[in-house]
Amino acid sequence: MGSFCTRFSMKIIYTKHALERMATWRHVSRKTVEDGLTRPEHVNPGRDNVLIATKTINHEKVKVVYIREGEVVVVITVMTR
């Protein structure tokens, strides 16, 4: 369940939970997540090396919760407001 972001040479792996949130009731595309990861407005630290990237898209805040390990990014969940 991974994809490769060629613009920034990073592999993005989505957890099952993240994919469910994106598809079922968040309606967030992989491109939106990629934009949030590669061009965030803010990145805040969370617990246990977790990072939270925030980006406003179409007047809606999208938060991508992830862990970065070298060139691999694991998306844990996606939230919108």
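The values are calculated or read from the model by the stated rules, or taken from the named source; none is laboratory data. Bear in mind the structure is a predicted one, so any value in this text is a computation, not a measurement. Neighbour counts are summed over all protein chains in view; Cβ atoms, including those assigned to glycine, are modelled from backbone coordinates with ideal geometry. Note: areas computed on protein heavy atoms with side chains; ligands, DNA, RNA excluded. Shrake-Rupley method; radii C 1.70, N 1.55, O 1.52, S 1.80 Å.
Numerical summary
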quantity	calculated
Evaluation of T32 against (1) exposed (fewer than 12 other Cβ atoms within 10 Å of the Cβ); (2) within 16 Å of I12 (Cα to Cα) (one fails), failing number	(1)
Residue in the range 50-79 that is modelled with the lowest pLDDT, counting only those that are farther than 17 Å from A18 by Cβ and in a loop (DSSP other than H, G, I, E, B)	N58
Residue list for the range 69-81, filter: in contact (Cβ under 8 Å) with a residue 40 or more places away in the chain and loosely packed, with under 14 Cβ neighbours inside 10 Å	E71, V72
Looking only at the range 38-67, and only at residues there that are closer than 11 Å to V78 by Cα and aliphatic (A, V, I, L, M), the one that is most open to solvent (accessible area, probe 1.4 Å)	I52
Failed condition for R26, given (1) open to solvent by 60 Å² or more (accessible area, probe 1.4 Å); (2) of a type in the set (K, R); (3) modelled with pLDDT under 90	(1)
In the range 1-23, residue most open to solvent (accessible area, probe 1.4 Å) [restricted to those that are within 15 Å of R68 (Cα to Cα), hydroxyl-bearing (S, T, Y) and at pLDDT below 80]	S9
